[in-house]
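Asker: Structure below; questions to follow.
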Amino acid sequence: MNLKHHRSIRVKNGEVTEFDDTIVIEDRFQVLFNDRPVTDIVASRDQLLELGAGFAITEGLSRCVDKVKLEGDRILVYADTGCDVSQSKKELGSSGGLSIQKEPRAVSSDIKITPEDVVSWTREIETEVWQKTGAVHCSVLFCEGKCVVKSSDVGRHNTVDKVVGHAILNRMDLSKCVIGCTGRQPAGMVKKYAHAGLPIVISRAASTDKGIVTAEIAGITLICFSRGDRFTIYTHPERIRGTGLSPSLKR
């Protein structure tokens, strides 16, 4: 990830000092699907192949990706099957970016995890860049109990796309995976997990009412406010062993 230093002034307890602060650089990239422009994405300049592959999957453009390549600041994604981008409706998401209007897919998975897993994995929802700058979001992907990839980016949507893209490019079964995120979980974010087939989401932040409804309908276990030794399960608690709750929470 591209970083730079900026000469800054810190004021603490009335004391003024100069220092070089580490700043995250944001860039802009154009995403094309089968050579048709889809959108521009403001993102951090790393894991760009994964970003393209993940974007195609989480936005419902295709269920698979054949190839991703870079041409300057263009990310070109190719798939034999997929929707007609020119005919797809777009909407302005909660992040301010454009996304494809598609109904979320139903997620099917027999994965089970424990409350201890949630607490332990939450501690790993961070990266070195996040620790150093505090200016990025993070996502991590756990498969079969192991953390297989982490991502940092100026956009929370992009971090999800990057870890999903890693899984897609490495032929991993996302129905057996759990994703951990720093960002909040509105409906647009939850739809991305549904399109990817991710059954469990762990977030350090909050959800919205539409995010919860979308997770319930899609069959996703949505866990938020995961901090320290506590967390809140909003939907499909049957995937969390030992909670003693029924398969459907009543709202």
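Asker: Please enumerate the residues belonging to segment 1-56 that are farther than 16 Å from Val163 by Cα and of a type in the set (Phe, Trp, Tyr).
Answerer: Phe19, Phe29, Phe33
Asker: Identify, by number, the condition in (1) surrounded by fewer than 13 Cβ atoms within 10 Å (Cβ to Cβ); (2) more than 30 Å from Val77 (Cα to Cα) that Thr22 doesn't meet.
Answerer: Of the numbered conditions (1) surrounded by fewer than 13 Cβ atoms within 10 Å (Cβ to Cβ); (2) more than 30 Å from Val77 (Cα to Cα), the odd one out for Thr22 is (1).
Asker: Within segment 116-143, can you find the residues that are more than 14 Å from Ile179 (Cβ to Cβ) and either among the hydrophobic types (A, V, I, L, M, F, W, C) or assigned to a loop (DSSP other than H, G, I, E, B) (or both)?
Answerer: Val119, Arg123, Glu126, Thr127, Val129, Trp130, Gly134, Ala135, Val136 - these are the residues of segment 116-143 that are more than 14 Å from Ile179 (Cβ to Cβ) and either among the hydrophobic types (A, V, I, L, M, F, W, C) or assigned to a loop (DSSP other than H, G, I, E, B) (or both).
Asker: Report yes if Ser99 is in a strand (DSSP E or B) and either at pLDDT below 85 or over 19 Å from Leu198 (Cα atoms) (or both), otherwise no.
Answerer: Considered against the rule, which asks whether it is in a strand (DSSP E or B) and either at pLDDT below 85 or over 19 Å from Leu198 (Cα atoms) (or both), Ser99 comes out as yes.
Asker: Further question: In segment 185-202, what residues are at negative phi and over 10 Å from the mean Cα position of the chain (by Cα)? Outline the logic, then answer.
Answerer: As a first pass, look at segment 185-202 and keep what is at negative phi: 185-196, 198-202.
Residues satisfying the conditions are Pro186, Ala187, Gly188, Lys191, Ala194, His195, Ala196, Leu198, Pro199, Ile200, Ile202.
Asker: If the requirement is being free of Cβ contacts under 8 Å to residues at least 12 places away in the same chain and in a strand (DSSP E or B), which of these qualifies: Thr17, Thr22?
Answerer: Exactly one of Thr17, Thr22 is free of Cβ contacts under 8 Å to residues at least 12 places away in the same chain and in a strand (DSSP E or B), namely Thr17.
Asker: Could I ask something else about it? Looking at Thr214, is it crowded, with 24+ Cβ neighbours inside 10 Å and in contact with a Leu (Cβ under 6 Å, 6 or more places away or on another chain)?
Answerer: In short, no.
Asker: Go through (1) at pLDDT below 65; (2) within 16 Å of Gly155 (Cβ to Cβ) and name the single condition Ile75 misses.
Answerer: It fails just one condition, (1).
Asker: Return the total of residues in segment 163-204 being β-branched (Val, Ile, Thr), out of contact with any strand residue (DSSP E or B) (no Cβ under 7 Å at 6 or more places or on another chain) and free of Cβ contacts under 8 Å to residues at least 40 places away in the same chain.
Answerer: Residues that pass the stated criteria total 0.
Asker: Taking segment 188-202 as the region of interest, how many residues are farther than 13 Å from Thr235 by Cα and either surrounded by 24 or more Cβ atoms within 10 Å (Cβ to Cβ) or out of contact with any His (no Cβ under 9 Å at 6 or more places or on another chain) (or both)?
Answerer: Within segment 188-202, residues that are farther than 13 Å from Thr235 by Cα and either surrounded by 24 or more Cβ atoms within 10 Å (Cβ to Cβ) or out of contact with any His (no Cβ under 9 Å at 6 or more places or on another chain) (or both) number 9.
Asker: Let me ask another. Might you check whether a residue that is part of a strand (DSSP E or B), in contact with a strand residue (DSSP E or B) (Cβ under 9 Å, 6 or more places away or on another chain) and under 23 Å from Met172 (Cα atoms) occurs anywhere in segment 48-67?
Answerer: yes
Asker: Of the residues that make up segment 123-132, is at least one within 19 Å of Glu59 (Cβ to Cβ) and among the polar types (S, T, N, Q)?
Answerer: No, that holds for no residue.
Asker: Another question about this same structure. Consider Thr214 carefully, then state whether it is among the hydroxyl-bearing types (Ser, Thr, Tyr) and touching a helix residue (DSSP H, G or I) at 6+ places or on another chain (Cβ under 6 Å).
Answerer: yes
Asker: Can you pull out the residues in segment 35-47 that are buried (at least 23 other Cβ atoms within 10 Å of the Cβ) and either in a loop (DSSP other than H, G, I, E, B) or not assigned by TED's automatic domain parsing to the domain that holds Leu76 (or both)?
Answerer: Within segment 35-47, Ser44, Gln47 meet the criteria.
Asker: Could you grab the pairs with beta carbons closer than 8 Å, sequence gap of 6+ or different chains, first residue in segment 215-240 and on the phi > 0 side of the Ramachandran plot, second one part of a strand (DSSP E or B) and exposed (fewer than 15 other Cβ atoms within 10 Å of the Cβ)?
Answerer: Correct list of pairs: Phe225/Thr232.
The values are calculated or read from the model by the stated rules, or taken from the named source; none is laboratory data. Here the structure is a predicted model, which is why all the values come from computation and not from measurement. Please note: Cβ atoms are built from the backbone with ideal geometry, for glycine as well, and neighbour counts cover all protein chains shown.
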